[in-house]
1. Need one number: nm distance between label points at residue 216 and residue 20, each 7 Å from Cα along Cα→Cβ, rounded to one decimal.
2. In what sequence do 218, 227 fall when counting other Cβ within 10 Å, fewest first?
3. Provide the gained length on full extension for the span residue 200 to residue 101, in nm with one decimal, where the gain is 0.36 nm per separating residue minus the Cα-Cα distance.
4. Can you sort 214, 274 by how many other beta carbons sit within 10 Å, fewest first?
5. Calculate log10 I(q)/I(0) of the range 80-319 for q = 0.08, 0.09, 0.13, 0.17 Å⁻¹, where I(q) comes from the Debye formula with a single equal point scatterer on each Cα and nothing for solvent.
6. What FRET efficiency would be calculated for the residue pair residue 253, residue 278, taking the C-beta separation as r and a Förster radius of 30 Å, to the nearest 0.05?
7. What translational diffusion coefficient, in µm²/s and rounded to a whole number, does the Stokes-Einstein relation yield for the range 185-321 at 25 °C and a viscosity of 0.890 mPa s, taking the hydrodynamic radius as the Kirkwood radius over Cα pairs?
8. So how do 198, 151 line up by other beta-carbon neighbours within 10 Å, fewest first?
Ligand SMILES: [Zn+2]
């Protein structure tokens, strides 16, 4: 059985064709309504241009014309979101095994919650190592698949964290693998995580990094931006640290993973060079190409170097009192 609760509704303000869009939102990090235009990007999923803005107070980059949440959840239910990056998916299994090894080094087998668990690849591996595992995902489609894979039943929740009745100080580790960039209200989510995590419990957050090398040269043509409106927050190392710290956690380790992601490199530079050809871009492209094999090897073995310009950031934090 899967725990199933209806997601919360958001007031409908504005209707643009088939999709209902909230025309303007405040900054999800500092709540300011003062933001400047950053980029307009095309979505792979909905035929609307989405506006990325940068908060003038805290510098968070976010989408400020979001579809209402229930329409985005409809999108998740229609697809297997995690298999979209097909190249990464092909070699994700050994990567997950390496991540599992890293997490088990931090704590002995105890209780873990994976928020946005997808088909449960990560928690299945943790369960094999004797952990008491729980998963949450807004997509009913992936929850069914995750539930089937776990040995213990009733551990998968198809709802939002606020709808689960977990006790305070319940989990030793909580993970969000590329989830926080999807969350409409990341501040509230981190507050809820604070309550159910034990004192000195570990929070691991991985998100895409908007300050990565490919984005710097390809801007709105950076292929990972077309994940709007599924991705609504675009973090830098500074804004990720700010939102974690604000909610009562202390960052203890900062890593950059996926230094250069092959499909993003090729797609982004291809469309950027076609639209605005430049000699500098061509030079940068060939230079980045040289790093493709080493960065793929580093990624495969989860070897991280002290450099925060990669395509993903992974921050380890502990709950402070
Ligand atoms: Zn802000």
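Rule-based calculations on the coordinates, nothing more; no lab input. No experiment lies behind these values; they were computed from the predicted model shown. Because the Cβ atoms are built from the backbone with ideal geometry, glycine has one as well, and the counts that use them run over all protein chains shown.
1. 4.3 nm
2. Least crowded to most crowded, the residues run 227, 218.
3. Full extension from residue 200 to residue 101 adds 33.7 nm.
4. Sorted ascending by nearby Cβ count, the order is 274, 214.
5. Evaluating at q = 0.08, 0.09, 0.13, 0.17 Å⁻¹ gives log10 I(q)/I(0) of -0.30, -0.39, -0.80, -1.33.
6. 0.20
7. 152 µm²/s
8. Arranged by neighbour count, lowest to highest, 198, 151 become 151, 198.
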